[in-house]
Each structure stands twice: as C-alpha cells, then as structure tokens.
Amino acid sequence: MTGAKRRIAVLGFSHETMLAAPLPLAGSDIRIWRGSDLCGGGLGTISAMVEALGSADVDLLPIMFVRCLPGGPMPRATYAALKAGLRERLEAALPLDGVCVANHGAMELTGLSTSGDTDVLAMVRSVVGPAAKIVVALDLHGHVTPEALSVVDGWAAYRTAPHEDAHETGLAAAALLLRLLADDLRPVTAAVRVPLLLPGECAMTTVEPARSLYARLRDIDRAPGVLGSALLVGFAWNDVPWGGAHVLVTHRDSAEAARTLAEDLAGEVWARRRDFGLAGEVLPVAAGLRQAAEDKGGALYLSDAGDNVTAGATGDLTGVLAAALAEPALSDIAVPGIFAPGAVHRCHGLSPGEAITLTLGAEHRSSPPAPLALSATLLGRGRMNDGAWVRLRAGHVTLTLHETRCAITGPDDLRALGIDPRAHRAYAVKLGYLHPGLAALARRHILLLSDGAAKLDLSHVDYRALPRPVFPLDPLMTWSAVGAAVLAGTATAGSAGGGTPRERHGACHR
C-alpha cells in the first residue's frame, strides 16, 4: 500500500453491565449504527473520532457502533449475533492500517472467561492482523484486562465524572492513532491495577481527591515520550477478577518510564484511598424527602441512587415513590422513569382525565415485591425507548411509568414526558450523581441512600471472583504500587522485570 492513503476503521461496542441486575439486557436497550450512519453526529466519542479522522488525509471506514443502555448482561445469543455482524463488516473493510474503537470498558458476559470488551478487542486484532494499530477509548468507569493490554496499542479515557469530555476523548484517541501511524510506533503501556472499589458517586472529578488526581494526568501527558495516560476508577458493583481501579501510561519506547509514571500515580491514588466518598448532601430516603418538604425554593432534585438506571439498575423500585406519597408536607414532586410494564398495560385505553387504581411494586425484580396501592389520574401518554409510557397524578405526586427501561438524564427527557424540569418543587430521578443537564437546572441536589442493584454500600455484593484483599472491604490491608505495573507492547521485549501481561498483577498483602 505504498503511497496510498492510510485506511482507518472506526467502530464501537459499548455496554456498562450490572451483573447483579435481575433482568438481561432487552432488545429495546440496544441501538445500532452501521456504515455511514456513524457520520451523522450525536454519537459522542464515535462522532469525535469520525470528525478528527475525516479531516485527516486518510481513508475513513465507519464500520458499526453498538450502544446499550446500562443494564443486566446481554444474552449470549444477542452478543454473538452483534459480534458476528461487527466482524463481517470489519473483514469487508480489509486491509486496514488502523482501528479506532469506542467501548465502555465494563461490558461483562455471563459464562465468559474474560470481559466482553476484551473479547471484542481480541476479535478486532484477529481480523486486522498484528501490523495494524488499534487505539481504544473508554469510559473512566471501565476496566482493562491483561489480555486487552496485549492486543491494543494505545488508550484514551474520560477524565470527567459527571461525563463532559466524550468529544475530547474521541479526539484524543484519533490523534493518538494518527501519531502511531505517522511515526510507525509500537509503544509500551504500563498498567497498574489498584485494589480499590469506588462507586462512581464516590469519585466525582468535581471534588477532591479525584479532581487533583485527574489533574495529574495532564502533567504525565507532558512528560517526554508519553503518548497518553488514563485513570479508570472501574465499576465497583461487578464481581470480576479484573475489578478495581487502573492507571495506564503509554510511552513511545520506554518501558521503564511508563512503569515509573504509572506506579507513581497509582501510589498517589492509594495514598488518598480514605479521602474518596460521597459529596454534597447525602441522606436516607425518608430524611431526604423531609428536607425536600421543608425546602420552599423549587427545582430540588433527589437521586434514587440505589436504583440508578445509568449504572445498570433496573429502575423498577418504588421505595422512593412510596416515601414521597407518605410525606404529606411534600406538596409537589415529580417521580419519573419507573419501569412497570404491567401497570402501563393496565392504563391501555384510558383517556386523559380518567382515574385508575393500580398496585405498583408487585412487578419488582430488583428486590422482593412491595405492593403499593395507588389511586391516580391519567395526565398523558407517549413512547420512549421503543416502549409506551404514561404520566399520572397521585395526590401531590406526578409520576411516569414505562413499558421499557429508560434513563432520565436531562431536561429534554423530562420535557418529552410532559414534565417541566423547573416547575415542580422537587424531582426524584433514578440516578446517582446528576448528569450535567440536570445539574445545571438543580438549585439543590440530595442523593438518597436508597435500595437497589446500584446500592452505594458495597457490602451487599457477594464478591467471589474479585482478588482480595481490596479496599474498603478489607480496611486494614496494605499495598504498594512499586513493582505492580503490567507491561504490554513490543517495547517491553527484554525490559527488566516486564514479563508478559499475564504474569504480574501487583504487590498486595495484608
């Protein structure tokens, strides 16, 4: 291909899996874009990759992008079909000089010996061959495995939570791939797994210590020879052998420099492990609703954190709704986004203004059923995420029930349900931290310590595959980042103590 333009493919398979979620991922939770559909914009990291590569002097080949609502594991047959479709399109694009991949990093599949992300990346490498360069962009709530390190040349990852840098991350991944191709680099990546479990709400980059730790990445990026760095806090609710936080540093040619920088930052993360925690107002459900009742200012947002759909919880629990109904001083609250397909079907044929009596909670999958009798009036109906929804009024509560799972993350989602995002005194949404659109609207935010698969107290998770000890489950453990780096890349050949990606997993002891 001498003298020809570089051929670069763009693809992605993004799913944040909650293994403890009681329902497998449904078809309505999956969206797929193929070929030129990837060039239409609005796809976050993928769109940024297309933008950057499309303006470079390369042949851009958009392949396929699978994006899923966070949730339970994808059925294996569904995954196999999607992976086969991705492989077929990738093979049709051969030969390729490079591939830019947008994944999440926390895709897990039951019965698979490695992570779903690793399985996809290994497939990509097997198709494009050893000479092509592969760069991957991840969410900071993802993980890496030793196997993934062995097939990927470079990494980029979000540096903000709440996430506001999807575009920048895509641009960084594309720029790194172009640099690897231009200079024909085979870099080395040093990765350190830090034995630390952090729910995303405990590692927001707007507050300490994550704010300072993520700022350190900029310093690392400026070090001589460094091509990129990342800090992944991971997905704490999944019991997997690769669980924990990860530090990645990619260097153009020095295994020792990559190792030193990665271990130094991992040591800083570990040194500040006790500083991570929930920021802002955090209260049990009943106490949080009492605070909302006493607040007369309006636009107060509460997070039903345990049933956080954006972390993969089902969104079916009605505990916060029941508590809101039981708080008479709370004169006006909106509770949108409850997954209750049976109740939605009961409302079929009902006209706006008509009354109905429902029993919610009998459909709970995330915990034992907790029936809640509800006398309500239908206010409106529509469709979201390929499923019907109804908006009801029950006493002082406006609520929406949904046939399919959905995530209410921004003001446009509320407006689509006929709910003014500013007009109600309070709102209770199935999130943890507020996503940027709602955070900009909220005059005040209270995180509720509610029940559910995304419950922030990790003691409810039955960890068996996760390497122990790990903080904070084993609070008295000690650990050192020195000597903990796993090295991958052709530059590791012959480097002292490097080993293979499978051989070195850190120095952790009691």
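Observations on the model:
- Total residues in the range 1-56 satisfying the condition of being over 19 Å from Asp97 (Cβ atoms) and free of Cβ contacts under 8 Å to residues at least 24 places away in the same chain: the figure is 4.
- Unmet criterion (only one of (1) in a loop (DSSP other than H, G, I, E, B); (2) more than 25 Å from Pro73 (Cβ to Cβ); (3) open to solvent by 10 Å² or more (accessible area, probe 1.4 Å); (4) in contact (Cβ under 8 Å) with a residue 60 or more places away in the chain) for Pro352: (4)
- Taking the listed residues Ala161, Ala156, Ala173, Ala191, the one that is part of a strand (DSSP E or B) and in contact with a Gly (Cβ under 9 Å, 6 or more places away or on another chain) is Ala156, with no other qualifying.
- With a requirement of 1 or more residues that are open to solvent by 50 Å² or more (accessible area, probe 1.4 Å) and under 30 Å from Asp462 (Cβ atoms), the strands (runs of 3 or more DSSP E) lying completely within the range 1-68 that satisfy it span 58-68.
- Qualifying residue in the range 220-242 (condition: surrounded by fewer than 24 Cβ atoms within 10 Å (Cβ to Cβ) and in a helix (DSSP H, G or I)): yes
- Given (1) open to solvent by less than 10 Å² (accessible area, probe 1.4 Å); (2) touching a helix residue (DSSP H, G or I) at 6+ places or on another chain (Cβ under 7 Å), index of the condition Met204 fails: (1)
- For the range 456-467, the count of residues that are in contact (Cβ under 8 Å) with a residue 12 or more places away in the chain, open to solvent by less than 20 Å² (accessible area, probe 1.4 Å) and in a loop (DSSP other than H, G, I, E, B) is at least one.
- Annotation: of all residues in the range 69-105 being among the aliphatic types (A, V, I, L, M) and closer than 19 Å to His143 by Cα, the one that is surrounded by the fewest Cβ atoms within 10 Å (Cβ to Cβ) is Leu69.
- Sole exception among (1) under 30 Å from Pro368 (Cα atoms); (2) within 20 Å of the chain's Cα centre (by Cα) for Gly437, by number: (1)
- Extreme residue, most open to solvent (accessible area, probe 1.4 Å), among residues of the range 355-372 that are over 17 Å from Val344 (Cβ atoms) and among the small types (Gly, Ala, Ser): Ala370
The values are calculated or read from the model by the stated rules, or taken from the named source; none is laboratory data. Being a predicted model, the structure only gives us computed values, none of them experimental. Heads up, the Cβs are rebuilt from the backbone with ideal geometry, glycines too, and the neighbour counts pull from every protein chain shown. Side chains included, ligands, DNA and RNA excluded: accessible areas come from the protein's heavy atoms. Shrake-Rupley method; radii C 1.70, N 1.55, O 1.52, S 1.80 Å.
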